[in-house]
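Enquirer: Below is one structure. I have some questions about it.
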Amino acid sequence: MIPQVFLVVITDPIGSICMFARFGSIGEWSMERILLIYSMAITAFGLAETFCRGFDSFPYKMVQNGEFDRVLLRPRSTVVQVMGSVFHIHRAARVLSGCIAIAWCLWQLQIPMTPLKILFLLYSLCGGMLLYMGVFIWTSGISFFSIKGLEWIYIFTNGGYQVTRCPMPYMPRLLKNIFTFLIPILAVSYYPASVLCGWGEPLWKGLLSLPAGIGFLSTSLLMWRFGVRHYRSTGS
Amino acid sequence: MAQIELKDISKHFTVSERPKGNHAAFRSLFHRETHRVEALKHIGFSIEEGELVGYIGPNGAGKSTTVKVMSGILTPEEGECRILGRTPWRERASHVANIGVVFGQRSQLWWDVPTQDSFELLRDIYGIPANLYGERLGELTRALDLEKLLSIPVRQLSLGQRMRCEVAAALLHRPRILFLDEPTIGLDAVSKLSLRQFLKEENQNNGVTMILTTHDMDDVEALCSRVMTIGHGRLLYDGTLQELKETYAPLHRIRATLQENVQLPENFPKGILRWELEGKTYTAIFDSRSTPAHLLISALAKLLPLQDIVVEEQSVDEMVASMYRSLDLS
């Protein structure tokens with residue numbers, strides 16, 4: 001499983017990489033820049049996924065057959081119990097390859113890494129992880145209301161980091177707004193990367209990553225609680 | 001204040017339906033037909049500490065829904081529920097720490113690991129101190145004869161063995177209240193009897209309040225001093241089993257074996273509603289409310305050469321069936 005995930009992680013951005021290799025950079029936007037933003041998003045996603053994969057199978061494994069009853073009968077947080085219901089060590093492959101990619105991009109872009117910058121990087125990855133945990137929680141929480149045709153939620157989970165492959169200045173305004181204000185994925189990828197490498201975004205925007213992550217996760221938890229109230233169990 | 005108090009609890013489900021056929025299947029892509037099912041309609045009762053209550057009703061009457069509301073799984077639309085002073089769905093975590101739940105149809109144990117490991121996981125989940133856990137596990141192991149089962153993975157246990165483990169799992173943390181949803185379903189006679197015996201002892205020795213839903217009226221007769229009947233989401237009866245019997249099964253039967261074949265006399269004692277004679281077996285039906293059995297027996301003894309005589313109540317199953325019929329539930 002671990003090599004398999006590695007393969008997916010490496011082949012995922014290969015389209016962009018090939019395009020850049022053929023046409024060079026788009027203005028200031030070199031392949032390394034795009035890859036840095038992308039790998040920050042993917043590392044955060046991988047971290048969240050390592051802890052939250054339980055939410056992925058949650059609609060089918062727990063809501064549809066009423067197994068969530070058991071979770072509700074235990075005197076522990078439902079979120080923590082669902083988190084712990086599935087644990088895949090091979091999910092760490094995404095984190096590992098993401099970290100390697102970040103390091104490589106920073107080296108190629110010749111960004112000198114000070115301890116403060118490493119701390120800043122960890123800070124934004126942490127924010128990103130919380131944000132993606134929030135994405136996992138609310139998307140699977142939808143299953144309290146409907147368990148049919150939930151595939152579209154992958155737009156937000158697995159698709160959520162793909163959007164970061166598009167250079168910011170060329171991103172349609174609508175997408176930019178969605179991924180800044182609604183699901184602040186850019187706040188945990190583009191802005192911190194920009195601050196890290198000095199591309200012109202102010203520091204405060206880069207520092208928004210952790211508050212954005214916490215805010216999004218809290219909102220998701222509220223939605224989760226609302227969903228639990230609507231849990232219907234199954235007949236017996 | 002009562003330990004368990006429900007007031008005016010109502011719960012409904014929205015059920016989607018689709019007529020058969022391809023046309024309807026296509027239509028359902030755009031428009032879903034739904035209707036409302038009222039699972040519980042203004043249910044209210046209160047239960048004191050240490051009571052053992054039987055909760056009966058036909059399939060789909062709302063028994064399981066009530067249990068799920070009381071155990072914090074479902075949130076009702078209306079009404080109040082206070083159990084040990086807490087509202088189950090508002091203070092779920094602290095509520096479930098004080099109750100135990102056994103579902104006959106659904107396992108609470110982890111399928112692939114030995115029972116012992118499941119128990120230890122529960123110990124950690126409920127935060128039971130190690131010494132109390134050891135003591136309690138010993139108690140339950142002896143009472144439910146679990147010694148040999150502890151090292152076997154749950155999926156390899158027989159139903160009877162598994163149910164014993166389920167009950168032990170629900171009682172490890174010494175809950176003050178135990179909900180049992182059809183605990184004896186599918187069990188053989190020996191397992192049923194020993195489970196009943198155990199529940200009775202647990203109720204008497206530790207004062208655990210129990211609510212038991214079942215279709216097996218022998219469970220109710222063996223265990224429950226109080227019976228509640230639910231049908232179509234309404235609470236229809238709440239009282240002792242004795243009163244229930246007097247209301248819905250007043251007719252008793254006398255069965256007498258005679259020493260020899262006889263011609264029956266014309267005038268039988270008053271109070272016998274109907275009778276029949278088959279060989280040497282004489283059967284008579286009478287109303288226990290108006291005619292005391294001992295008067296009938298002494299009258300019959302004078303008339304017939306009796307060898308043996310038994311007075312039987314209607315079986316509880318017959319009684320429940322007649323109750324469901326008279327309440328228009330079946």
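The values are calculated or read from the model by the stated rules, or taken from the named source; none is laboratory data. Values in this document were obtained by computation on a predicted structure and should not be read as measured data. Neighbour counts are summed over all protein chains in view; Cβ atoms, including those assigned to glycine, are modelled from backbone coordinates with ideal geometry. Ligands, DNA and RNA are stripped out before the accessible areas are found, and what is left, the full protein with its side chains, is counted by its heavy atoms. Shrake-Rupley method; radii C 1.70, N 1.55, O 1.52, S 1.80 Å.
Enquirer: Have a look at B:A169, B:A189, B:A143, B:A130 and point out the one that is of a type in the set (G, A, S) and closer than 21 Å to B:M70 by Cα.
Expert: Numbers: B:A189 fails: closer than 21 Å to B:M70 by Cα; B:A143 fails: closer than 21 Å to B:M70 by Cα; B:A130 fails: closer than 21 Å to B:M70 by Cα.
Answer to the check: B:A169.
Enquirer: A further question on this structure: Could you identify the single residue in B:S71, B:S28, B:S46, B:S16 that is closer than 16 Å to B:E182 by Cα and of a type in the set (S, T, Y)?
Expert: Residue meeting the stated conditions: B:S71.
Enquirer: Quick one: is B:G50 surrounded by fewer than 18 Cβ atoms within 10 Å (Cβ to Cβ), touching a residue at least 60 places away in the same chain (Cβ under 8 Å) and either part of a loop (DSSP other than H, G, I, E, B) or hydroxyl-bearing (S, T, Y) (or both)?
Expert: The answer is yes for B:G50.
Enquirer: Separate question: If you take the residues in the stretch B:62-95 that are of a type in the set (D, E) and part of a strand (DSSP E or B), which one is nearest to the other protein chains (Cβ to nearest Cβ)?
Expert: At the first step, the residues of the stretch B:62-95 found to be of a type in the set (D, E) are B:77-78, B:80, B:91.
From what is left, the residues that are part of a strand (DSSP E or B) are B:78, B:80.
Values: B:E78: 14, B:E80: 16 Å.
Only one residue tops the list, namely B:E78.
Enquirer: Something else now. With respect to the numbered conditions (1) in a loop (DSSP other than H, G, I, E, B); (2) more than 28 Å from B:E202 (Cβ to Cβ); (3) out of contact with any Phe, Trp or Tyr (no Cβ under 7 Å at 6 or more places or on another chain), which one is the sole condition not fulfilled by B:N59?
Expert: That leaves (2) as the condition not met.
Enquirer: If you check B:F13 against the conditions, is it more than 14 Å from every other protein chain (Cβ to nearest Cβ) and not in a loop (DSSP other than H, G, I, E, B)?
Expert: The answer is no for B:F13.
Enquirer: While we're here: Please count how many residues of the stretch A:159-179 are open to solvent by less than 60 Å² (accessible area, probe 1.4 Å) and under 15 Å from A:Y38 (Cα atoms). I'd like the intermediate steps shown before the answer.
Expert: Narrowing the stretch A:159-179 to residues open to solvent by less than 60 Å² (accessible area, probe 1.4 Å): A:159-164, A:166-168, A:171, A:178-179.
Pick out the ones that are also under 15 Å from A:Y38 (Cα atoms) and you get A:159-164, A:166-168, A:171, A:179.
Count: 11.
Enquirer: Related question: Would you pick out the residues in the stretch B:283-330 that are in a loop (DSSP other than H, G, I, E, B) and either within 16 Å of B:L264 (Cβ to Cβ) or among the small types (G, A, S) (or both)?
Expert: B:S288, B:S290, B:L304, B:P305, B:S315, B:S330
Enquirer: A further question follows. List pairs: first in the stretch B:240-263 and closer than 30 Å to B:Y55 by Cβ, second of a type in the set (K, R), Cβ under 7 Å, 6+ apart or cross-chain?
Expert: Short answer, once both residue conditions are applied: B:T240/B:R226; B:E246/B:R289; B:P250/B:R289.
Enquirer: Report, ordered by the first and then the second residue, all pairs with beta carbons closer than 8 Å, sequence separation of six or more or different chains, a first member in the stretch B:67-88 that is in the same structural domain as B:Y55 (by TED's automatic domain parsing), and a second member that is among the acidic types (D, E) and crowded, with 19+ Cβ neighbours inside 10 Å.
Expert: B:V67/B:D181; B:K68/A:D69; B:I73/A:D69
Enquirer: Looking at A:Q81 and the list (1) more than 18 Å from A:N158 (Cα to Cα); (2) of a type in the set (S, T, N, Q); (3) open to solvent by 10 Å² or more (accessible area, probe 1.4 Å); (4) in contact (Cβ under 8 Å) with a residue 40 or more places away in the chain, which single condition is not satisfied?
Expert: The single condition A:Q81 does not satisfy is (4).
Enquirer: So, of the residues in the stretch A:216-236 that are within 22 Å of A:Q64 (Cβ to Cβ) and under 24 Å from the mean Cα position of the chain (by Cα), which turns out to be farthest from the other protein chains (Cβ to nearest Cβ)?
Expert: Ranking the candidates gives A:S220 first.
Enquirer: Find the helices (runs of 4 or more DSSP H) located wholly in the stretch A:56-160 whose residues include 1 or more that are within 14 Å of chain B (Cβ to nearest Cβ), at pLDDT 90 or above and in contact with a helix residue (DSSP H, G or I) (Cβ under 8 Å, 6 or more places away or on another chain), and list them.
Expert: In the stretch A:56-160, the matching helices (runs of 4 or more DSSP H) lie at A:68-72, A:78-85.
Enquirer: Any idea which residue in the stretch B:223-237 is modelled with the highest pLDDT, counting only those that are small (G, A, S) and open to solvent by less than 40 Å² (accessible area, probe 1.4 Å)? I'd like the intermediate steps shown before the answer.
Expert: Step one: filter the stretch B:223-237 for residues small (G, A, S), giving B:225, B:231, B:233.
Restricting the remaining residues to those that are open to solvent by less than 40 Å² (accessible area, probe 1.4 Å) gives B:231, B:233.
On the way: B:G231: 86, B:G233: 89.
Taking the candidates together, the pick is B:G233.
Enquirer: Is one or more of the residues making up the stretch A:122-134 under 30 Å from B:F13 (Cα atoms), open to solvent by less than 50 Å² (accessible area, probe 1.4 Å) and in contact (Cβ under 8 Å) with a residue 60 or more places away in the chain?
Expert: yes
Enquirer: Quick check on this structure: which one of B:D328, B:D308, B:D238 is on the phi > 0 side of the Ramachandran plot and of a type in the set (D, E)?
Expert: On the way: B:D308 fails: on the phi > 0 side of the Ramachandran plot; B:D238 fails: on the phi > 0 side of the Ramachandran plot.
Being on the phi > 0 side of the Ramachandran plot and of a type in the set (D, E) holds for just one of B:D328, B:D308, B:D238, which is B:D328.
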